[in-house]
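Read the structure below first, then the notes.
The values are calculated or read from the model by the stated rules, or taken from the named source; none is laboratory data. Since the model is a prediction, treat every value here as computed from it, not as a measurement. A quick note on method: Cβ atoms are made from the backbone with ideal geometry, for glycine too, and the neighbour counts reach across all protein chains shown. In case anyone asks, the SASA skips ligands and DNA or RNA and just uses the protein heavy atoms, side chains included. Shrake-Rupley method; radii C 1.70, N 1.55, O 1.52, S 1.80 Å.
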Amino acid sequence: VQLQASGGGLVQTGGSLRLSCVVSGRTFSAYDTAWYRQAPGKEREFVSAMPWRGDRRLYSNSVRGRFTISRDKAKDTVFLQMNSLKLEDTAVYYCAVKSNAGNVDQITNYDYWGQGTQVTVSS
């Protein structure tokens with residue numbers, strides 16, 4: 001399974017970016033997806049997740065109301081729309097997928113990870 005993340009870049013505070021993550025080579029029919037991020041010197045943290053089934057979306061408190069996770073099942077692509085970006089959103093963003101039944105917001109449940117895409121927010 002390969003995950004290819006893209007869409008990162010340099011943006012000013014208050015700006016927007018849309019991250020994409022293409023999933024390829026999977027052998028399972030359904031999977032949950034998530035975005036995590038890691039800032040320099042900090043641990044990787046949960047940003048958002050979306051189960052394969054249903055309409056539930058999970059967000060961390062720090063991004064709720066500003067970020068939106070979505071998916072195009074036909075294209076095996078997951079998106080993260082990021083609006084009203086803040087300096088503290090600067091990090092490498094990683095997409096992840098899992099096919100197990102574990103909680104979607106638990107980092108240890110994710111089996112496959114993308115390479116990360118850098119998001120830098122400047123003042």
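I'd like the distance separating the alpha-carbon centroids of the range 56-81 and the range 101-123, in whole Å.
Their Cα centres are 12 Å away from one another.
Would you work out what percent of the accessible area of the chain, with all protein chains in place, is carbon or sulfur (probe 1.4 Å)? Could you put the intermediate results ahead of the total?
Numbers: 2830 of 6320 Å².
C and S atoms contribute 45 percent here.
Relative contact order, percent, of the chain when contacts are C-alpha pairs under 8 Å separated by at least 6 residues?
Values: 294 pairs, mean separation 44.4, N = 123.
After rounding, I find 36 percent.
With a 1.4 Å probe and every protein chain left in place, work out the accessible area per residue of the chain in Å², rounded to a whole number.
Working: 6320 Å² over 123 residues.
It amounts to 51 Å² per residue over the chain.
Just how many pairs of Lys in the chain have C-alpha atoms closer than 27 Å, counting pairs that are eight or more places apart or on different chains?
Numbers: 42/86; 42/98; 73/98; 75/98.
Number of lysine pairs found: 4.
Please state the relative contact order of the range 1-72 as a whole percent: Cα pairs under 8 Å, 6+ residues apart? Present the calculation step by step, with values, prior to reporting the outcome.
Numbers: 86 pairs, mean separation 14.4, N = 72.
About 20 percent, as a whole number.
Rounded to the nearest 5, what % of the DSSP beta bridges within the chain are antiparallel ones? Write out the running numbers ahead of the final one.
Numbers: 36 of 40 bridges.
Here the antiparallel bridges make up roughly 90 percent for the chain.
Take every Cα pair under 8 Å in the range 44-107 that's 6+ residues apart, average their separations, divide by the length, and report that relative contact order as a whole percent. The partial results should precede the final answer.
Numbers: 52 pairs, mean separation 18.6, N = 64.
That works out to 29 percent.
Looking at the range 47-105, which trypsin sites (Lys or Arg not before Pro) are DSSP coil and have at most 16 other C-beta atoms within 10 Å of their C-beta?
Values: sites: 53, 56, 57, 64, 66, 71, 73, 75, 86, 98; in loops: 53, 56, 57, 64, 66, 86.
Here the sparse-neighbourhood loop sites are 53, 56, 57, 64, 66, 86.
From a point 7 Å beyond the Cα of residue 81 in the direction of its Cβ, which residues of the range 13-49 have a backbone N at a distance under 13 Å?
The answer is 16-19, whose backbone nitrogens lie closer than 13 Å to the label point.
If I build a Gaussian network model for the chain, linking alpha-carbon pairs within less than 10 angstrom, which residue out of 30, 96, 49 has the largest mean-square fluctuation?
Between 30, 96, 49, it is 30 that shows the largest mean-square fluctuation.
Along the charge dipole of the range 7-123, Cβ charges K/R +1 and D/E -1, which of 9, 116, 54 sits furthest on the positive end?
Looking along the dipole axis, the top candidate is 54.
If amide hydrogens are placed 1.01 Å from N in the peptide plane, which non-local residues have theirs closer than 5 Å to the one on residue 86?
Result for residue 86 returns 14.
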